[in-house]
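Each remark here refers to the structure printed beneath this line.
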Amino acid sequence: MPRVESTLSLTFACVAMLAVGADAQDWTQREFPLAPSNATGNFVAPYFDGFYPNEDGTYTLSFGFLNRNDADLIEIALGEDNFIEPAEYDGGQPSSFPVGRSIGVFGGPRERGAFGVVVPADFEGDVWWTVTTNGYTTRVPGRLESPGPIIKGAYELSTGAMAEGSLRPGIRFSEGASYSWGVRGVEAPEELTASVGEAVEIRFWAVDRGERELGPVNMTLWKHQGPVGADVAFASLVEAQPGASPPRSGERPPGPGPVTSRDLVPLPIEGVNANQGHFSATFDSPGRYVIRIRIDNFTGHIDSTPGNQCCWSNGYVVVTVNE
Amino acid sequence: MEMSMKSSVSRTVAVAFFAVTATVGTGGAYAVTAQQTGGPNPDASPALTFTRDVAPILQENCQVCHQPGAIGPMSLMTYQDARRYARRMSRMVEQRDMPPYQYDTDVGVQHLKEDWRMSEEDIATITAWVADGAPEGDPADMPAPVEWPDPAEFRLAEQFGPPDVIVRSDPYDVPAVGQDRWWKPVVPVGVNTNRCIMAVETKPSVVGRAVAHHANSSFQVEGESAGRLSEYALGKIGEIVPDGACRRLPANADVAFDVHYWPNGVDLEDDQIEVGIWLHPEEYEGEYDQTLTLYFLNGGRGYDIAPHGTLMTQGFHSFETPVRIDSFQPHGHTRLVAMSLQVLRKNGRRETVSMVSNWSALWHHSHIYEDDVAPLLEVGDQLIVTGWYDNTENNRYNPDPDQWVGIGDRTADEMSHTWLAVTHLDEEGIEKIKADRAARLISEQPDR
């Protein structure tokens, strides 16, 4: 696996260049088993997380990613360095790849199910997601049948209840609308507009689902798409639930305030704001953005973690930001 | 936008994997004495025959699984059976794919309890018999049929009798298709005094063996963690605690199950996992505690394997007291292909304890070291555990070499850890073990 950047002694580098010429082998393409991870300079690995059937007979292919750095945010604009084939499925993938947060013992730092691609019931073939980071290209196929000679169903996901009864939470953007769930999720019915530096407020509704006692869900916010290098500052406007447990070590304290893509903000399940999410987004650059709202029930239910591939749902909000 | 769906899944999960995993369940305890069956007898008829030379080997090593109604994909009970699969059988034993006990024969500790490996002599007999045309021989030479244990019974019962305690997980319906499920009920043990465990065996139901990927169990007392009871994964028999050690069963404990099911095309209703526990007498206290613990190879951090790529992970561990390593069990999923256990002595010398070069997720053996060779570690010695992963098409269990593979609970993702049973000693204890071993070694040497 390549490591895109590192530091070589200048002296050694000069000697090496003299020895083998200016067109020396690209050492960044070497593999280094057991090499320590880098804070910066590594690439984004796209992941196919599996597929599940939809009620209408179609299938949703679930894709995620791993930013292989410890610190660096990577942003890759949709286009020649970040595209999906066949082209009819292109456009829903993220352009912003923050460093992930490990949740659960076997969660790892990768972000699962960041978006979904819906293919028809009779789909055959592959949906490839290709990502190029600093000149290094890697890609994965989404497919309904694994090619391995022995194990065929390893990537099939479920839509039914998990062992303890957890299901993917529901999310909606209108009070009277039906709840939607799944990786493909739901898009806000209206696109929003804002100005640079102006906070735009977004409200939505989200509920736990499951064949068990229901509880609160968490909100996590992401810059899903947007101009490369542009920053979106999120702030939760959710009031802390009265009597809520104090945050665990490393957790963000409940209540309004700034949030990042590493924060899980519990939504209230009682009171006038029950099951409501509320946050603001402030943009430092003009352009078209897609905000992803991930709703999960990871906390409190042992059958629901990222490593289990359950249970979260996505909501997407498009915001056009003017000067 | 997606709407509600209630398991209207119509896709078929390929069952080919489980045609292989179906060889998992009952193959254990019986096929452990293969090394004792002899090879060809040079004083007898020069031609190897099925009835005289091969059938006893199959009885000892194969038939527990390969008989009608058992989990092996074909029967090897009769000459006609064996003749039909002779070439395949020869290839499988020569490559040591069967019997399914992947543990290297030429490096590390070789004296193991519950060792399923076939002897070189037996392998040579089978391959030579096949090469000679697989003759049947005199039917009068056929050994008497073996009485096989009930596959629904605990396998360690042959050695220890019925378990003193059986803890059953709450029933769970496993769907025919869909992704992995993790079932984590908590049930009471029903023992109200502190006891020491002599042996423990986790037993899926007969039908459920092909879907119970793993079943871990831990003790809880009043909701608080109180130590590990056991770990089970596909193909594992159980654990035997060495004499003098004590794996503790706390009084009034509950067992917290952590069962990983992988649906395989068959609906299972009310499936239950059973943990059989054999206890020492109440007065037995054991000199030293034995623990079964998961040791990470990746330091608890993530890892990833590139499409068509390979990976190596490595973990280190040292102990605050002298210890004895009683067993070693690699754990991974479909891309893990090998794991080793080494000790880096505080003087800088590195010793290989165990190497498993052909590991597969179909058989999670716990390699239990014989008492006199279980590795001893002084304070300052370091364990080195190394795992190797193959995400290429060369790995036949790889579902899809085009994918990136990362850490995760589900079978399509990977894990990187080992289970070690460790007896925690003190200076007096380790010196006594060394002295006892030395004394036995001297007493077993022939007179000069």
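Coordinate-derived values only; no laboratory data. From a predicted model like this one, the values you see are computed outputs, not experimental measurements. In this analysis, Cβ positions are derived from the backbone assuming ideal geometry, glycine residues included, and neighbour counts consider all displayed protein chains.
Among B:Ala361, B:Ala86, B:Ala438, the largest mean-square fluctuation in a Gaussian network model of chain B, built with springs joining Cα atoms closer than 10 Å, belongs to B:Ala438. Over the C-alpha trace of chain B, radius of gyration and Dmax come out as 22.9, 85 angstrom. Taking chain B, the Cys residues with no second Cys beta-carbon under 4.7 angstrom are B:Cys62, B:Cys65. Across peptide A:52-60, the average count of Cβ atoms from other chains found within 10 Å of a residue's Cβ is 4.
Helix-derived [θ] at 222 nm for chain A: sum -39500 (n - 2.57) over DSSP H runs of at least 4, divide by residue count, nearest 500? Provide the component values of the computation, followed by the final result.
Values: 1 runs with 11 residues, N = 323.
Computed ellipticity for chain A at 222 nm equals -1000 deg cm²/dmol.
A cut-off under 13 angstrom between Cβ atoms defines the neighbours of B:Val343, and their net charge, with Lys, Arg +1 and Asp, Glu -1, is +2.
Quick check: net charge around A:Gly250, other residues with Cβ under 15 Å of its Cβ, Lys/Arg +1 and Asp/Glu -1?
Working: positive: A:Arg101, A:Arg248, A:Arg252, A:Arg262; negative: A:Glu251, A:Asp263.
Taking every other residue near A:Gly250 into account, the sum is +2.
Principal axis analysis of the Cα atoms in region B:237-296 yields extents of 48, 29, 20 Å, listed in decreasing size. Rounded to the nearest 10 degrees, the angle from helix A:10-20 to the longest Cα principal axis of chain A is 60 degrees. When a/c reaches 1.5 or more, the comparison of a/b and b/c decides; with that in mind, is region A:44-142 rounded, prolate or oblate per its Cα gyration tensor? It comes out oblate by the Cα gyration axes.
For chain B, build the charge dipole from Cβ charges (+1 Lys, Arg; -1 Asp, Glu) around the Cα centre, then report which of B:Met89, B:Val211, B:Gly302 sits farthest towards its positive end. It is B:Gly302.
Among the GluC sites (Glu not before Pro) in region B:285-369, which ones are in a DSSP loop with at most 15 other Cβ atoms within 10 Å of the Cβ? Mind listing them?
Working: sites: B:Glu285, B:Glu287, B:Glu320, B:Glu351; in loops: B:Glu285, B:Glu287, B:Glu320.
When the GluC sites (Glu not before Pro) of region B:285-369 are filtered for loop state and at most 15 Cβ neighbours within 10 Å, B:Glu285, B:Glu287, B:Glu320 remain.
Each 5 Å bin, from zero up to the one with the longest distance, holds this percent of the alpha carbon pairs of region A:170-322: 2, 9, 19, 23, 21, 15, 8, 3, 1, 0. Evaluated with a Cβ-only charge set (Lys, Arg +1; Asp, Glu -1), the protein assembly as shown carries a dipole of roughly 880 debye about its Cα centre, given to the nearest 20.
Evaluated at 20 °C with a viscosity of 1.002 mPa s, what Stokes-Einstein diffusion coefficient in µm²/s does region B:150-286 have when Rh comes from the Kirkwood expression over alpha-carbon pairs? Kindly include the intermediate steps, with their values, before the conclusion.
On the way: Rh = 15.3 Å.
This corresponds to a translational diffusion coefficient of 140 µm²/s.
Spatially, region A:201-232 and region A:57-84 are offset by 18 Å when compared through their Cα centroids.
Name the residue farthest towards the positive end of the dipole of region B:150-286 from the options B:Val187, B:Leu229, B:Pro171, assuming +1 on Cβ of Lys and Arg, -1 on Cβ of Asp and Glu, about the Cα centre. In region B:150-286, that residue is B:Leu229. Running a GNM on chain B with Cα contacts under 10 Å, which residue among B:Asn192, B:Asn264, B:Asn252 ends up with the highest mean-square fluctuation? It is B:Asn192.
Mind checking the mean number of beta-carbon atoms from other chains within 10 Å of the Cβ atoms in B:408-420?
Details: counts 13, 10, 10, 4, 11, 10, 2, 3, 1, 2, 0, 0, 0.
If you average over the peptide's residues, the count of other-chain Cβ atoms is 5.
For chain B, modelled as a GNM whose springs connect Cα atoms under 10 angstrom apart, the maximal fluctuation among B:Gln179, B:Gln80, B:Gln63 occurs at B:Gln80. Overall dimensions of chain A, expressed as equivalent-ellipsoid semi-axes from the Cα gyration tensor (√(5λ), whole Å, largest first), are 35, 25, 20. From its DSSP helices (H runs of at least four residues, each -39,500 (n - 2.57)), chain B gives a residue-normalised ellipticity at 222 nm of -4000 deg cm²/dmol.
Can you classify the protein assembly as shown as rounded, prolate or oblate using the Cα gyration tensor, where a ≥ b ≥ c are the square roots of its eigenvalues, rounded means a/c under 1.5, and otherwise it's prolate if a/b beats b/c and oblate if not?
Numbers: a/c = 1.74, a/b = 1.67, b/c = 1.04.
Verdict is prolate for the protein assembly as shown.
Using the Cβ of B:Val422 as centre and a radius below 13 Å, the other residues enclosed give a net charge of -2, where K and R count +1 and D and E count -1.
Rounded to the nearest 20 debye, the dipole magnitude of region B:229-276 is 360 debye, with +1 charges on Lys and Arg beta carbons, -1 on Asp and Glu beta carbons, and the Cα centre as origin. Placing +1 on the Cβ of every Lys and Arg and -1 on the Cβ of every Asp and Glu, with nothing else charged, gives region B:289-448 a dipole about its Cα centre of roughly 360 debye. Averaged over the residues of peptide A:109-119, the number of Cβ atoms from other protein chains lying within 10 Å of each residue's Cβ is 2. Shown here for region A:78-129: GluC sites (Glu not before Pro) in loop regions (DSSP other than H, G, I, E, B) with at most 16 other Cβ atoms within 10 Å, namely A:Glu80, A:Glu124. Between region B:345-403 and region A:245-306, the C-alpha centres lie 41 angstrom from each other. Centre-to-centre separation between the Cα atoms of region B:249-264 and those of region A:108-131: 34 Å. Look at B:Met142, B:Met98 and count the other Cβ atoms within 10 Å of each Cβ; fewest to most, that gives B:Met142, B:Met98.
Going toward the positive end of the dipole of region A:44-142, with +1 on Lys and Arg Cβ and -1 on Asp and Glu Cβ, which of A:Phe97, A:Pro109, A:Gly142 do you reach last? After comparing all options, I get A:Pro109.
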